[in-house]
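Structure first, commentary second.
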Amino acid sequence: MGHKVHPKSVRLGYIKDWESKWFNLKEMPDFIEEDRRIRVYLKNKLKLASVSKIVIERPGKYLRVNIYTSRPGIVIGKGGQGIENLRKEVESMTMKKTFVNVMEIKRAEIDAQLAAESIAFQLEKQIAFRRAMKKTIEKAMAAGAQGIKVMVSGRLGGAEIARTEWLKEGRIPLQTFRADIDYGFSEAYTTMGQIGVKVWIFKKELFKKTAKELLEEAKLVDTTTSSEQALNQEESK
(Lines give C-alpha, C1' and ligand atoms only; values in the text may rest on other atoms or scores of the structure.)
Protein backbone atom coordinates (compact mmCIF):
# COMPACT_ATOMS: atom_id res chain seq x y z
CA MET A 1 0.00 0.00 0.00
CA GLY A 2 1.13 3.56 -0.66
CA HIS A 3 1.97 5.85 2.24
CA LYS A 4 0.71 9.20 1.03
CA VAL A 5 1.28 12.45 2.90
CA HIS A 6 -0.55 15.73 2.30
CA PRO A 7 1.77 18.01 0.24
CA LYS A 8 0.94 21.02 2.44
CA SER A 9 1.13 19.37 5.88
CA VAL A 10 4.58 17.88 5.22
CA ARG A 11 5.93 21.39 4.44
CA LEU A 12 4.30 23.23 7.36
CA GLY A 13 6.74 25.39 9.28
CA TYR A 14 9.32 25.00 6.53
CA ILE A 15 8.00 26.71 3.37
CA LYS A 16 4.24 26.59 4.09
CA ASP A 17 2.26 28.40 6.77
CA TRP A 18 -0.75 27.38 8.88
CA GLU A 19 -4.29 28.42 7.89
CA SER A 20 -5.31 28.76 11.55
CA LYS A 21 -2.89 31.03 13.44
CA TRP A 22 -3.60 30.74 17.17
CA PHE A 23 -2.69 28.58 20.16
CA ASN A 24 -4.95 27.80 23.12
CA LEU A 25 -4.76 24.38 24.78
CA LYS A 26 -7.84 24.88 26.99
CA GLU A 27 -10.25 25.94 24.24
CA MET A 28 -8.60 24.15 21.32
CA PRO A 29 -11.49 21.74 20.46
CA ASP A 30 -14.03 24.61 20.51
CA PHE A 31 -11.80 26.85 18.41
CA ILE A 32 -11.15 24.10 15.82
CA GLU A 33 -14.90 23.52 15.46
CA GLU A 34 -15.53 27.29 15.27
CA ASP A 35 -12.88 27.66 12.52
CA ARG A 36 -14.51 24.83 10.57
CA ARG A 37 -17.96 26.43 10.83
CA ILE A 38 -16.60 29.83 9.70
CA ARG A 39 -14.85 28.28 6.68
CA VAL A 40 -17.88 26.20 5.62
CA TYR A 41 -20.19 29.21 5.97
CA LEU A 42 -17.91 31.59 4.02
CA LYS A 43 -17.20 29.01 1.29
CA ASN A 44 -20.94 28.48 0.71
CA LYS A 45 -21.68 32.21 0.91
CA LEU A 46 -18.89 33.11 -1.56
CA LYS A 47 -19.32 30.24 -4.03
CA LEU A 48 -18.96 32.51 -7.08
CA ALA A 49 -16.07 34.58 -5.67
CA SER A 50 -13.34 31.95 -6.38
CA VAL A 51 -12.13 31.69 -2.75
CA SER A 52 -8.89 29.70 -2.50
CA LYS A 53 -8.33 29.68 1.27
CA ILE A 54 -9.52 31.33 4.47
CA VAL A 55 -6.87 32.12 7.09
CA ILE A 56 -8.15 32.66 10.65
CA GLU A 57 -6.10 34.50 13.28
CA ARG A 58 -6.98 35.00 16.95
CA PRO A 59 -4.87 37.82 18.41
CA GLY A 60 -6.15 38.22 22.00
CA LYS A 61 -9.94 38.40 22.20
CA TYR A 62 -10.32 39.45 18.56
CA LEU A 63 -10.83 37.42 15.40
CA ARG A 64 -9.17 38.22 12.07
CA VAL A 65 -10.39 36.48 8.92
CA ASN A 66 -8.27 36.77 5.75
CA ILE A 67 -10.12 35.70 2.60
CA TYR A 68 -7.86 34.86 -0.37
CA THR A 69 -9.83 35.28 -3.62
CA SER A 70 -9.24 35.93 -7.30
CA ARG A 71 -12.43 38.06 -7.46
CA PRO A 72 -12.16 40.56 -4.60
CA GLY A 73 -14.87 42.80 -6.06
CA ILE A 74 -17.57 40.17 -5.45
CA VAL A 75 -16.48 39.72 -1.80
CA ILE A 76 -16.20 43.46 -1.05
CA GLY A 77 -19.50 44.34 -2.76
CA LYS A 78 -20.86 47.75 -3.66
CA GLY A 79 -19.31 50.38 -1.41
CA GLY A 80 -17.88 47.68 0.88
CA GLN A 81 -21.37 46.47 1.83
CA GLY A 82 -20.59 42.79 1.14
CA ILE A 83 -17.57 42.67 3.45
CA GLU A 84 -19.48 44.52 6.19
CA ASN A 85 -22.31 41.97 6.04
CA LEU A 86 -19.80 39.11 6.26
CA ARG A 87 -18.16 40.74 9.28
CA LYS A 88 -21.51 41.07 11.11
CA GLU A 89 -22.49 37.47 10.33
CA VAL A 90 -19.13 36.06 11.55
CA GLU A 91 -19.42 38.22 14.70
CA SER A 92 -22.91 36.81 15.40
CA MET A 93 -21.54 33.26 14.94
CA THR A 94 -18.52 33.67 17.23
CA MET A 95 -19.64 36.48 19.61
CA LYS A 96 -16.19 38.09 19.13
CA LYS A 97 -15.12 41.36 17.54
CA THR A 98 -14.14 40.41 13.98
CA PHE A 99 -12.01 41.99 11.25
CA VAL A 100 -12.39 40.71 7.68
CA ASN A 101 -9.58 41.30 5.14
CA VAL A 102 -9.73 40.46 1.44
CA MET A 103 -6.48 39.31 -0.21
CA GLU A 104 -6.34 39.22 -4.01
CA ILE A 105 -4.81 36.23 -5.82
CA LYS A 106 -2.99 37.68 -8.82
CA ARG A 107 -2.51 34.44 -10.79
CA ALA A 108 -5.54 32.20 -10.30
CA GLU A 109 -4.30 29.76 -13.00
CA ILE A 110 -1.51 28.44 -10.71
CA ASP A 111 -3.66 28.19 -7.58
CA ALA A 112 -4.34 24.45 -7.11
CA GLN A 113 -7.58 24.87 -5.11
CA LEU A 114 -9.10 27.21 -7.71
CA ALA A 115 -7.96 24.89 -10.52
CA ALA A 116 -9.63 21.88 -8.80
CA GLU A 117 -12.85 23.83 -8.25
CA SER A 118 -12.82 24.96 -11.89
CA ILE A 119 -12.59 21.34 -13.11
CA ALA A 120 -15.36 20.26 -10.68
CA PHE A 121 -17.60 23.09 -11.95
CA GLN A 122 -16.99 22.02 -15.57
CA LEU A 123 -17.79 18.38 -14.72
CA GLU A 124 -21.08 19.50 -13.16
CA LYS A 125 -21.84 21.32 -16.45
CA GLN A 126 -21.33 17.93 -18.22
CA ILE A 127 -18.12 18.94 -20.02
CA ALA A 128 -15.89 15.97 -20.96
CA PHE A 129 -13.45 15.30 -18.10
CA ARG A 130 -10.34 14.98 -20.33
CA ARG A 131 -11.11 18.28 -22.03
CA ALA A 132 -11.51 20.04 -18.66
CA MET A 133 -8.24 18.52 -17.38
CA LYS A 134 -6.25 19.46 -20.51
CA LYS A 135 -7.61 23.02 -20.46
CA THR A 136 -6.53 23.49 -16.81
CA ILE A 137 -3.06 22.04 -17.52
CA GLU A 138 -2.56 24.35 -20.53
CA LYS A 139 -3.58 27.43 -18.52
CA ALA A 140 -1.29 26.56 -15.59
CA MET A 141 1.75 25.89 -17.80
CA ALA A 142 1.13 29.11 -19.75
CA ALA A 143 0.94 31.04 -16.43
CA GLY A 144 4.45 29.90 -15.48
CA ALA A 145 3.97 26.64 -13.52
CA GLN A 146 6.92 24.23 -13.68
CA GLY A 147 4.64 21.20 -13.46
CA ILE A 148 1.03 20.15 -12.89
CA LYS A 149 -0.76 16.89 -12.18
CA VAL A 150 -4.56 16.51 -12.31
CA MET A 151 -6.46 13.44 -11.05
CA VAL A 152 -10.19 12.72 -11.26
CA SER A 153 -11.97 9.74 -9.64
CA GLY A 154 -15.52 8.49 -9.88
CA ARG A 155 -18.09 7.52 -12.53
CA LEU A 156 -16.29 9.35 -15.32
CA GLY A 157 -18.30 9.95 -18.48
CA GLY A 158 -21.33 8.30 -16.84
CA ALA A 159 -19.65 4.84 -16.79
CA GLU A 160 -21.13 2.09 -14.61
CA ILE A 161 -17.83 1.37 -12.85
CA ALA A 162 -15.88 4.13 -11.08
CA ARG A 163 -12.28 4.63 -12.13
CA THR A 164 -9.35 7.03 -11.71
CA GLU A 165 -7.81 9.02 -14.57
CA TRP A 166 -4.88 11.43 -14.38
CA LEU A 167 -2.84 13.72 -16.61
CA LYS A 168 0.54 15.28 -15.92
CA GLU A 169 2.83 17.85 -17.51
CA GLY A 170 6.25 19.07 -16.35
CA ARG A 171 7.71 17.78 -13.08
CA ILE A 172 6.10 17.33 -9.63
CA PRO A 173 8.88 16.62 -7.06
CA LEU A 174 6.58 15.62 -4.17
CA GLN A 175 9.44 14.39 -1.96
CA THR A 176 11.54 17.56 -2.33
CA PHE A 177 10.69 19.71 0.70
CA ARG A 178 12.01 22.95 -0.81
CA ALA A 179 9.68 22.50 -3.82
CA ASP A 180 6.70 24.87 -3.56
CA ILE A 181 3.91 22.44 -4.46
CA ASP A 182 0.35 23.70 -4.15
CA TYR A 183 -2.39 21.09 -3.60
CA GLY A 184 -6.12 21.47 -4.15
CA PHE A 185 -9.12 19.15 -3.76
CA SER A 186 -12.72 19.58 -4.83
CA GLU A 187 -15.81 17.44 -5.51
CA ALA A 188 -18.24 17.56 -8.42
CA TYR A 189 -21.84 16.52 -7.72
CA THR A 190 -23.06 15.11 -11.05
CA THR A 191 -26.28 13.24 -11.90
CA MET A 192 -24.23 10.03 -12.16
CA GLY A 193 -22.60 10.45 -8.76
CA GLN A 194 -19.81 12.23 -6.95
CA ILE A 195 -16.48 12.86 -8.72
CA GLY A 196 -13.34 13.82 -6.78
CA VAL A 197 -10.78 16.19 -8.29
CA LYS A 198 -7.17 16.56 -7.06
CA VAL A 199 -4.63 19.04 -8.43
CA TRP A 200 -0.90 19.38 -7.69
CA ILE A 201 0.93 22.45 -9.06
CA PHE A 202 4.71 22.83 -8.83
CA LYS A 203 5.36 26.59 -8.77
CA LYS A 204 9.09 26.94 -8.02
CA GLU A 205 11.98 25.51 -6.05
CA LEU A 206 12.92 27.67 -3.07
CA PHE A 207 16.51 28.17 -1.79
CA LYS A 208 17.84 27.23 -5.23
CA LYS A 209 19.65 29.73 -7.43
CA THR A 210 18.25 30.36 -10.91
CA ALA A 211 20.39 30.40 -14.06
CA LYS A 212 20.23 34.22 -14.08
CA GLU A 213 21.53 34.46 -10.49
CA LEU A 214 24.36 32.02 -11.23
CA LEU A 215 25.39 34.10 -14.28
CA GLU A 216 25.42 37.28 -12.19
CA GLU A 217 27.57 35.55 -9.55
CA ALA A 218 29.98 34.36 -12.25
CA LYS A 219 30.27 37.94 -13.58
CA LEU A 220 31.03 39.23 -10.06
CA VAL A 221 33.73 36.56 -9.61
CA ASP A 222 35.30 37.56 -12.97
CA THR A 223 35.42 41.26 -12.01
CA THR A 224 36.96 40.53 -8.57
CA THR A 225 39.65 38.24 -10.05
CA SER A 226 40.55 40.79 -12.74
CA SER A 227 40.87 43.56 -10.10
CA GLU A 228 43.05 41.28 -7.92
CA GLN A 229 45.29 40.50 -10.90
CA ALA A 230 45.68 44.21 -11.65
CA LEU A 231 46.69 44.89 -8.01
CA ASN A 232 49.24 42.06 -8.06
CA GLN A 233 50.77 43.41 -11.26
CA GLU A 234 51.10 46.89 -9.77
CA GLU A 235 52.73 45.46 -6.61
CA SER A 236 55.23 43.45 -8.67
CA LYS A 237 56.28 46.62 -10.54
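Assorted remarks:
- Residue within segment 46-67 that is modelled with pLDDT under 90, more than 20 Å from Phe23 (Cα to Cα) and open to solvent by 60 Å² or more (accessible area, probe 1.4 Å) present: yes
- Within segment 3-30, tally of residues that are open to solvent by less than 90 Å² (accessible area, probe 1.4 Å) and basic (Lys, Arg): 4
- Where strands (runs of 3 or more DSSP E) fall wholly inside segment 84-203, the ranges with 2 or more residues that are hydrophobic (A, V, I, L, M, F, W, C) and farther than 30 Å from Leu63 by Cβ are 147-154, 163-170, 179-190.
- Any chance Asn66 is assigned to a strand (DSSP E or B) and of a type in the set (S, T, N, Q): yes
Here is a yes/no grid of residues against (1) over 17 Å from Thr98 (Cα atoms); (2) within 17 Å of the chain's Cα centre (by Cα); (3) assigned to a helix (DSSP H, G or I):
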site	(1), (2), (3)
Gly2	yes, no, no
Trp18	yes, yes, no
Asn24	yes, no, no
Pro29	yes, no, yes
Ile32	no, no, yes
Ile38	no, no, yes
Asn44	yes, no, yes
Ile54	no, yes, no
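- Residue selected from segment 152-186 under the condition within 17 Å of Gln126 (Cα to Cα) and in contact (Cβ under 8 Å) with a residue 40 or more places away in the chain, by the criterion most open to solvent (accessible area, probe 1.4 Å): Arg155
- Sole exception among (1) part of a helix (DSSP H, G or I); (2) within 30 Å of Thr136 (Cα to Cα) for Gly79, by number: (2)
- Residues that are open to solvent by 50 Å² or more (accessible area, probe 1.4 Å) and either of a type in the set (A, V, I, L, M, F, W, C) or under 26 Å from Phe31 (Cα atoms) (or both) within segment 77-93 comprise Glu84, Asn85, Arg87, Lys88, Glu89, Ser92, Met93, listed in sequence order.
- Search result, residues across segment 31-45 that are open to solvent by 50 Å² or more (accessible area, probe 1.4 Å) and in contact (Cβ under 8 Å) with a residue 40 or more places away in the chain: Arg37, Tyr41, Lys45
- Apart from one condition, Ile74 fits all of (1) buried (at least 18 other Cβ atoms within 10 Å of the Cβ); (2) within 23 Å of Glu117 (Cβ to Cβ); (3) β-branched (Val, Ile, Thr); the exception is (1).
The values are calculated or read from the model by the stated rules, or taken from the named source; none is laboratory data. Model, not experiment: these values are computed from the prediction. As a convention, Cβ positions derive from the backbone with ideal geometry for all residues, glycine included, and neighbour counts pool all protein chains shown. Note: areas computed on protein heavy atoms with side chains; ligands, DNA, RNA excluded. Shrake-Rupley method; radii C 1.70, N 1.55, O 1.52, S 1.80 Å.
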